[in-house]
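Below is one structure, written out as structure tokens; the observations come after it.
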Amino acid sequence: MGIRDLLSKVASTYDATAGSGRDVEGQIVLRRVARRTDLALPPGFKAEGHGGQTTPAATPWIGVFDENGHRDPKKGLYLAYIFSADLKNVTLTLQQGITWLEERLGRGRAREEHLRYHATRLRRAVRRQERHGWIDEPKFKHHAARPRSYEAASVIAKTYDTADLPSDVTLMEDLLLGIQSLRVAEEADRVWWMGDAADVLEMSYEPGSHTPRPVSDPLAHFRPKDSSAYVAQIRARQQVKQRSHEKLIEDFGHHVAEHGYDPITDLQHPKDLVLRPHGAAAESSDEWLVEAKVVRNANPTQAVREAVGQLYEYRHFLYQKRHEPFLIGLFSEEIGAYAPYLEEQGIASVWRDGSGWGGSPKARQWGMTSN
């Protein structure tokens, strides 16, 4: 008895057409997983079976969770054995939670794109190429939204033929590698979410959600993130990181609030900042989309490139054609010859200028600079 026996038992008994009742054999096997003591899991880990609740799951699965850590498969990272819809394969996969994204992104393409983007980032951290036989994205052979999202959410995966499962020793070796990768991915995930580097971007595309109701207070929907320094633990050393990005947004938001604009950050992620004329109705007003970038080492090249890419990307995915926003690149210092270049691309630019704000002709025309 062990993991091999459990996987084989699910593959031979589960039937998605049999319902999810208490008397359905495959469902019984999955429900009893949490009480099994013969799985020989690493200390501190517990398994739970999932075959659906009112509706049987198209792709049943068994989660492997750290009892002292994160155990909610709706959000965060976890390990799971997920069966293909035809039960011919089962895949050990390092998964991202998918359910928490439904409210923001729905259950379709937008969620899958977000999950694939973030999986690629995490995959770089766990260095999958060193794991012989592991792949990036498995196939669960079903058209429904949840199996497709499981595929997109996979960071690394190893697929087994249920008719020819490896030994418990091999399965355990793979599980230990999965746990090791989970630890690394969790650390990378924490650092990325806390940091202000360009690759922190999360592609949470949310079409049609960029029109919250206006209020009389121009700063009512402006809640910039904490701009204080923090300490990140990275591989047994401390690294002090600065939130210059958030400070830039905060200062500019307060500046434009004094010049007739409502700066909005609430419910705008992944957009840095949205501006609207003060007091205007959101449904009919013009909108300015602001992407903030910190210039490093007095060289604006990288910051400008990133701003252009993200502004165009957000305009394409987050706005309808008839409601496209004006575009603004916000920079921590003057960008020189890149200002007219951006203007040619339809992007205004604003930058810190001592204690005030300088900007391109469009930005000055809109009254967003200090002069």
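Could you figure out which of (1) out of contact with any Asp or Glu (no Cβ under 6 Å at 6 or more places or on another chain); (2) at pLDDT below 90 isn't true of H50? With (1) out of contact with any Asp or Glu (no Cβ under 6 Å at 6 or more places or on another chain); (2) at pLDDT below 90 applied to H50, the lone miss is (2). One residue stands out in region 1-29 among those that are under 18 Å from L41 (Cα atoms) and open to solvent by 30 Å² or more (accessible area, probe 1.4 Å): the one that is modelled with the lowest pLDDT, namely M1. Within region 80-109, the set of residues being modelled with pLDDT under 80 and surrounded by 19 or more Cβ atoms within 10 Å (Cβ to Cβ) comprises I98, L101, L105.
Taking (1) within 19 Å of L171 (Cβ to Cβ); (2) polar (S, T, N, Q); (3) part of a loop (DSSP other than H, G, I, E, B) in turn, S8 satisfies each apart from (3). For the residues T55, T120, the requirement of being modelled with pLDDT of 80 or more, hydroxyl-bearing (S, T, Y), open to solvent by 20 Å² or more (accessible area, probe 1.4 Å) and farther than 26 Å from T13 by Cα singles out T120.
Within region 334-371, the set of residues being under 33 Å from the mean Cα position of the chain (by Cα) and of a type in the set (D, E, K, R) comprises E334, E343, E344, R352.
One residue stands out among those in region 131-158 that are more than 22 Å from the chain's Cα centre (by Cα), surrounded by fewer than 18 Cβ atoms within 10 Å (Cβ to Cβ) and over 14 Å from E112 (Cβ atoms): the one that is modelled with the highest pLDDT, which is K141. Checked against the criterion of being in contact with a Pro (Cβ under 6 Å, 6 or more places away or on another chain), outside any strand (DSSP E or B) and modelled with pLDDT under 75, region 232-240 contains not a single residue that satisfies it.
For region 310-328, the candidate set comprises residues that are within 23 Å of the chain's Cα centre (by Cα), without any contact (Cβ under 8 Å) to a residue 60 or more places away in the chain and within 15 Å of S349 (Cβ to Cβ); within that set, the residue that is most open to solvent (accessible area, probe 1.4 Å) is Y312. I'd like the full set of residues that are of a type in the set (S, T, Y) and within 16 Å of F83 (Cα to Cα), limited to region 8-37. Residues satisfying the conditions are S8, S12, T13, Y14, T17. Does L77 fit the bill of being within 16 Å of the chain's Cα centre (by Cα) and modelled with pLDDT of 90 or more? So L77 fails the test.
Within region 248-271, residues that are open to solvent by 20 Å² or more (accessible area, probe 1.4 Å) reach partners that are among the small types (G, A, S) and not in a loop (DSSP other than H, G, I, E, B) with beta carbons closer than 8 Å, at six or more positions or on different chains, in the pairs T265/G253.
The values are calculated or read from the model by the stated rules, or taken from the named source; none is laboratory data. Predicted model, so just to flag it, every value in this text is computed and none were measured. Every residue, glycine as well, gets a Cβ built from its backbone with ideal geometry; the counts of neighbours run over all protein chains shown. With ligands, DNA and RNA removed, areas are computed over all heavy atoms of the protein, side chains included. Shrake-Rupley method; radii C 1.70, N 1.55, O 1.52, S 1.80 Å.
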